[in-house]
Amino acid sequence: ATSAIEIAPDARLFLWRVAAEAELAYDVVRAWGFIPKAEVVWLKERRGGGAFFGMGRTVRNAHEACIIGARGRPERLSAAVRSVFRAPVGAHSAKPDAFYELVEKLSPGPYLELFARRERPGWVCVGDELETERKEVIILTEVNRDPSPAHEGEPEKEPATPETAPAAEGGEAEATEA
């Protein structure tokens with residue numbers, strides 16, 4: 001079944017990107033109706049301690065970057081959230097709990113995670129690896145909302161879904177605040 005999830009007019013987007021497709025990731029942020037504001041960087045550590053030694057086309061990547069986009073005027077809960085955090089790597093492409101904690105310290109929620117691999121308390125999680133019934137989701141934003149009296153005369157836009165929205169190769173919309 002297809003579900004509709006409406007994103008608040010004042011919201012933050014956290015979009016993980018890969019270095020080789022940085023410009024494409026920024027294009028996705030803008031296409032989804034957000035303005036890039038900052039980035040957070042995850043300095044990866046080995047599970048047993050020490051710096052992670054990853055893959056890379058030019059240098060061996062020991063970090064991942066996440067673009068923070070905003071639309072409207074989302075509330076900021078804390079001015080003490082730093083742009084860099086350290087956490088051990090987990091399963092391939094899985095983001096650490098420290099990232100979700102950072103999002104929750106910065107933004108009041110509600111929270112939405114696209115392409116989720118597991119459920120998280122207090123979050124709406126959507127992904128084909130979850131054991132839930134929801135497999136298809138239409139994300140409603142000001143960018144793609146059906147015309148209403150406030151939008152009369154504007155052409156109707158097709159709703160963006162994770163499958164139809166532009167996506168960076170290897171990139172994910174890991175978390176977004178609704």
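The values are calculated or read from the model by the stated rules, or taken from the named source; none is laboratory data. In this text, all values refer to a predicted model and were calculated from it rather than measured experimentally. Virtual Cβ from ideal backbone geometry, glycine too; neighbours counted across all protein chains shown. In case anyone asks, the SASA skips ligands and DNA or RNA and just uses the protein heavy atoms, side chains included. Shrake-Rupley method; radii C 1.70, N 1.55, O 1.52, S 1.80 Å.
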Of all trypsin sites (Lys or Arg not before Pro) in region 31-86, which ones are in loop regions per DSSP and have a Cβ with at most 14 other Cβ atoms within 10 Å?
ARG46, ARG47, ARG57, ARG60, ARG76, ARG82
Of the GluC sites (Glu not before Pro) in region 1-90, those whose Cβ has at most 16 other Cβ within 10 Å and which sit in DSSP loop:
GLU75
Percent relative contact order for region 1-134, counting Cα pairs under 8 Å at least six residues apart, stands at 24 percent
Using the Kirkwood radius over Cα pairs, work out the Stokes-Einstein diffusion coefficient for region 2-110 at 37 °C and 0.692 mPa s, in µm²/s as a whole number.
216 µm²/s
Whole-Hz ³J(HN,Hα) for each residue in region 57-71, computed from phi via Karplus 6.51 cos²θ - 1.76 cosθ + 1.60 with θ = phi - 60°, x for glycine and proline: what do you get?
7, 10, 10, 7, 6, 10, 8, 10, 10, 10, 6, 10, x, 9, 9
Of all accessible heavy-atom area on region 43-121, the percent that carbon and sulfur account for (1.4 Å)
53 percent
Going through region 1-89, which chymotrypsin sites (Phe, Trp or Tyr not before Pro) have at most 11 other Cβ atoms within 10 Å and a DSSP loop state?
PHE53
Which whole-number value in Å² is the accessible area per residue of region 1-95, probe 1.4 Å?
60 Å²
All other residues with a Cβ under 11 Å from the Cβ of LYS37 taken together, and with Lys, Arg as +1 and Asp, Glu as -1, what is their net charge?
+2
In the neighborhood of ILE67, defined by Cβ-to-Cβ distances under 9 Å, what is the net charge if each Lys or Arg adds +1 and each Asp or Glu adds -1?
+1
